[in-house]
Protein chains: 2
Amino acid sequence: MGSYSPAETAEKSGFSIDTLRYYEKIGLLSGIARNASGRRVFSDDDLSWLEMLRCLRGTGMPIAEMLRYSELARVPGTVAERLELLQAHDRRVEEQIALLREQQSRIKWKIGIYGSALTGACAAQRDEGDLAATGAVNGTAAATAGRG
Amino acid sequence: MGSYSPAETAEKSGFSIDTLRYYEKIGLLSGIARNASGRRVFSDDDLSWLEMLRCLRGTGMPIAEMLRYSELARVPGTVAERLELLQAHDRRVEEQIALLREQQSRIKWKIGIYGSALTGACAAQRDEGDLAATGAVNGTAAATAGRG
DNA sequence: CTCCCACCTGGAGTGCACTCCAGGTCAAAC
DNA sequence: GTTTGACCTGGAGTGCACTCCAGGTGGGAG
């Protein structure tokens, strides 16, 4: 229904105008309409394709793979391949989130260490450097002081 | 307690030897011991610091900020700053995960579309191109064929 | 008519985080 | 005694994904 200038599209899609041009150049966007004076005119379909691209990029899919996906998307009868590609990616995203959570919990644990160092600090604060992680647990702090 | 060669440290930490050298060069690692012939000898404390670095990098903290953190970690009495830095990062990680989940659900939705296209396909398979996202919903498919 | 602004193009430049390389050292294996 | 392999250094090179730039066009405002 709608048609959108490059600036509007950039705003709506979250990609910069330069990125939109770049995506068109490398083939992630094809069949973008032009008006009489050669300017790009984006459609609602372009917008939703861009939204999809944003999800893929935002979840860490490399450009090369997005390119493969968009090539598939241009060819009828490739639904199985597209499905497979997205499913594989979805699994990677799942792993990515799991790893993130794991690493985040390590960080939260460290935050807890610092938190109790601050509250219990008045009494306990010596020159502690940082007590590199397990250092705070296994008592190697003295040898550690000065690095963190 | 233990002491580790660069190769062992690379294996245990998950950073390449080159990255370890690089990290030492830019100041993320300081006070790494050397043996008589000038080779690096990593300690358990170094390992756990590396583990921390891995969590920070792995959750998307830029090198520059890790550098700031490691500088703080060398100075006693900076626990409050370190705490603040990690908390701010933790919030970003939370947002990152939320965004990832949101984008993932969009991808899963698309997977669902493809899934039902495949199962219900025998009857319904026309030249559909891709049905760019909402295209599959709002009926613009015909106009969309050939892009995806 | 002139100015400005949003846009166009091809191509060069950027930032980040490594990664690789050439040339050299040392200790242990053969 | 020489070969091997893991390591050292400074510095150059890489890959990715943009981002910027110079020079140019077309349409509407003043």
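The values are calculated or read from the model by the stated rules, or taken from the named source; none is laboratory data. None of the values given here were measured: they were computed from a predicted structure. Backbone-built Cβ (ideal geometry, glycine too); neighbour counts: all protein chains shown.
Quick look at the numbers
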quantity	calculated
Wholly within the stretch B:58-124, helices (runs of 4 or more DSSP H) carrying at least 2 residues that are of a type in the set (Val, Ile, Thr) and farther than 30 Å from B:SER48 by Cα	B:79-119
Qualifying positions in the stretch A:7-20 - within 12 Å of DNA strand D (Cβ to nearest atom) and outside any loop (DSSP other than H, G, I, E, B)	A:ALA10, A:SER13, A:ILE17, A:ASP18, A:THR19, A:LEU20
Extreme residue, nearest to A:LEU99 (Cα to Cα), among residues of the stretch B:36-51 that are among the hydrophobic types (A, V, I, L, M, F, W, C) and within 15 Å of DNA strand C (Cβ to nearest atom)	B:LEU50
Check on B:TYR23, buried (at least 16 other Cβ atoms within 10 Å of the Cβ), hydroxyl-bearing (Ser, Thr, Tyr), within 12 Å of DNA strand C (Cβ to nearest atom) and in a helix (DSSP H, G or I)	yes
Where a residue in the stretch B:11-38 is away from chain A (no Cβ under 14 Å) and β-branched (Val, Ile, Thr) and its partner, wherever it lies, is in a helix (DSSP H, G or I) and more than 8 Å from DNA strand C (Cβ to nearest atom), with Cβ under 6 Å and at least six apart	B:ILE17/B:PRO6; B:ILE17/B:ALA10
Matching residues in the stretch B:1-43 - criterion: being more than 25 Å from B:PRO62 (Cβ to Cβ) and of a type in the set (Gly, Ala, Ser)	B:GLY2, B:SER3, B:SER5, B:ALA7, B:ALA33, B:ALA36, B:SER37, B:GLY38, B:SER43
Filter result for A:GLY2 (more than 9 Å from chain B (Cβ to nearest Cβ), more than 11 Å from DNA strand C (Cβ to nearest atom), more than 26 Å from A:GLN96 (Cβ to Cβ) and out of contact with any Phe, Trp or Tyr (no Cβ under 6 Å at 6 or more places or on another chain))	yes
Single residue of the stretch A:21-45 satisfying the filter (out of contact with any strand residue (DSSP E or B) (no Cβ under 8 Å at 6 or more places or on another chain) and of a type in the set (Gly, Ala, Ser)) that is farthest from DNA strand D (Cβ to nearest atom)	A:GLY31
Test: residue in the stretch B:53-75 that is more than 8 Å from chain A (Cβ to nearest Cβ), more than 16 Å from DNA strand C (Cβ to nearest atom) and loosely packed, with under 15 Cβ neighbours inside 10 Å	yes
Selection status of B:LEU50, modelled with pLDDT of 95 or more and within 16 Å of DNA strand D (Cβ to nearest atom)	yes
Conditions (1) exposed (fewer than 13 other Cβ atoms within 10 Å of the Cβ); (2) under 18 Å from B:ARG74 (Cβ atoms): number failed by B:ASN35	(2)
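Conditions (1) within 30 Å of B:GLU71 (Cα to Cα); (2) at pLDDT below 95; (3) touching a Lys or Arg at 6+ places or on another chain (Cβ under 9 Å); (4) surrounded by 15 or more Cβ atoms within 10 Å (Cβ to Cβ), marked per residue:
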| site | (1), (2), (3), (4) |
| --- | --- |
| B:ILE97 | yes, no, yes, yes |
| B:LYS110 | no, no, yes, yes |
| B:ALA121 | no, yes, no, yes |
| B:ALA124 | no, yes, no, no |
| B:GLY129 | no, yes, yes, yes |
| B:THR134 | no, yes, no, yes |
